[in-house]
């Protein structure tokens, strides 16, 4: 498990379809609705997934850099949980076709 | 504007229905109905009497017929069939439930053919130019609540379909009879002395059904309205009233799941649902008394 996590944070990630996304976001929560024109699918993004796509939409980066970028949003005691949650979210976003590995 | 009840008496209407057919307008749609079944035609005359007469010379959106089923069975257990453009999409119903068959059939026509609209499975009612969407699953009490609101002076757009043409952020009224089921029939009869209810049809697929006519104001006022409030109602017998705001992102997903044709609409559907959520406050509403629910909803459209 630890190896799998380590690998994930060494991989570079990007959002190849960002130009074909339509987003709906409201100020009453940190959740986002994303419509992907290329697949016709609508995705509900929880706050962490929203934050991941915000970062990766700006520029591709490694999972480690992603973790660094998001670490400032949580308390130090929550970093371990964030690492695990981030891995789960990135894998789910990959399965949904919203992020891809990139070299 | 010529209304059905102004244009002919009952006998002439029934004769026309059995011959070339009758034409009437329901919101944006013109319906051309033919039926030789007296009870069906007379109930249409009674419950749709305050609707605008259609124009036989213009294009009808739905050419529908309710005809007696043929075959030897008709001597033992008479049945009726619904036809749209000459095809019969459903199994026959018992003849004594021919009117519910007509109403369900027209629902089917709207739900399957009016694809120029985003079609929500919701009731829509309007007051002060503000549309309120009641989006919920069957059995949630949305039709009963919509009926009570209409009988309290609101304009009925529909108890079944929220029709929005993408890009407009306006709901289009398609007011038809409200098919009340089981306990709701007596609830509404007790709620208002003005409830114009048709006969009870027992033993339908949804239990006992009776049809409530739309108010006269609802029948002929086809002005669209922008949404102002999105409600996900849930009737629970004996429950305390509870109105809880819902964040807009989860509200979007609930509403998209509630639509008949969200996926088929593609980006237009996404934009339409986003427009509705943008324009609306959102409530989860649990209620057991109609008066309580009406009070909460009314507060939002003052």
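Descriptive notes on the structure:
- Residue in the stretch B:52-61 that is under 26 Å from residue B:202 (Cβ atoms), touching a strand residue (DSSP E or B) at 6+ places or on another chain (Cβ under 8 Å) and not in a loop (DSSP other than H, G, I, E, B) present: no
- Selection status of residue A:56, assigned to a helix (DSSP H, G or I) and more than 26 Å from residue B:274 (Cβ to Cβ): no
- All positions within the stretch B:82-107 that are out of contact with any helix residue (DSSP H, G or I) (no Cβ under 8 Å at 6 or more places or on another chain) and assigned to a strand (DSSP E or B): B:83, B:87, B:94
Table: residues versus (1) touching a strand residue (DSSP E or B) at 6+ places or on another chain (Cβ under 6 Å); (2) surrounded by fewer than 24 Cβ atoms within 10 Å (Cβ to Cβ); (3) in the same structural domain as residue B:104 (by TED's automatic domain parsing); (4) under 24 Å from residue B:25 (Cβ atoms).
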| site | (1), (2), (3), (4) |
| --- | --- |
| B:158 | yes, no, no, yes |
| B:164 | yes, no, no, yes |
| B:167 | no, yes, no, yes |
| B:171 | yes, no, no, yes |
| B:175 | yes, no, no, yes |
| B:187 | no, yes, no, no |
| B:191 | no, yes, no, no |
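- Hits in the stretch B:231-261 - residues which are in contact with a helix residue (DSSP H, G or I) (Cβ under 6 Å, 6 or more places away or on another chain) and at the interface with another protein chain (Cβ under 8 Å from one of its Cβ atoms): B:248, B:252, B:256
- Filter result (touching a residue at least 60 places away in the same chain (Cβ under 8 Å) and touching a strand residue (DSSP E or B) at 6+ places or on another chain (Cβ under 8 Å)) within the stretch B:105-116: B:106, B:110, B:111, B:114
- Selected residue (criterion: farthest from the other protein chains (Cβ to nearest Cβ)) from residues of the stretch B:271-282 that are surrounded by fewer than 22 Cβ atoms within 10 Å (Cβ to Cβ) and part of a helix (DSSP H, G or I): B:279
- The stretch B:266-276: number of residues that are more than 22 Å from the chain's Cα centre (by Cα) and touching a residue at least 40 places away in the same chain (Cβ under 8 Å): 3
- Of B:268, B:243, all but one fail to be at pLDDT 95 or above and assigned to a helix (DSSP H, G or I); the exception is B:268.
- Matching residues in the stretch B:207-223 - criterion: being in a strand (DSSP E or B) and out of contact with any helix residue (DSSP H, G or I) (no Cβ under 8 Å at 6 or more places or on another chain): B:207
- Failed item in (1) within 14 Å of chain B (Cβ to nearest Cβ); (2) surrounded by 14 or more Cβ atoms within 10 Å (Cβ to Cβ), with residue A:57 passing the rest: (1)
- Among (1) more than 14 Å from chain A (Cβ to nearest Cβ); (2) surrounded by fewer than 19 Cβ atoms within 10 Å (Cβ to Cβ); (3) free of Cβ contacts under 8 Å to residues at least 60 places away in the same chain; (4) in contact with a helix residue (DSSP H, G or I) (Cβ under 8 Å, 6 or more places away or on another chain) - the single one residue B:226 does not satisfy: (3)
- Some residue of the stretch A:29-49 being touching a residue at least 60 places away in the same chain (Cβ under 8 Å) and within 14 Å of chain B (Cβ to nearest Cβ): yes
- Test: residue in the stretch B:290-298 that is in a loop (DSSP other than H, G, I, E, B), in contact with a helix residue (DSSP H, G or I) (Cβ under 7 Å, 6 or more places away or on another chain) and more than 13 Å from chain A (Cβ to nearest Cβ): no
- Taken over the stretch A:12-28, residues that are more than 10 Å from every other protein chain (Cβ to nearest Cβ) and crowded, with 18+ Cβ neighbours inside 10 Å amount to 2.
The values are calculated or read from the model by the stated rules, or taken from the named source; none is laboratory data. Given the structure is predicted, the values throughout are model-derived calculations rather than measurements. Reconstructed Cβ throughout: ideal geometry from the backbone, glycine too, with neighbour counts over all protein chains shown.
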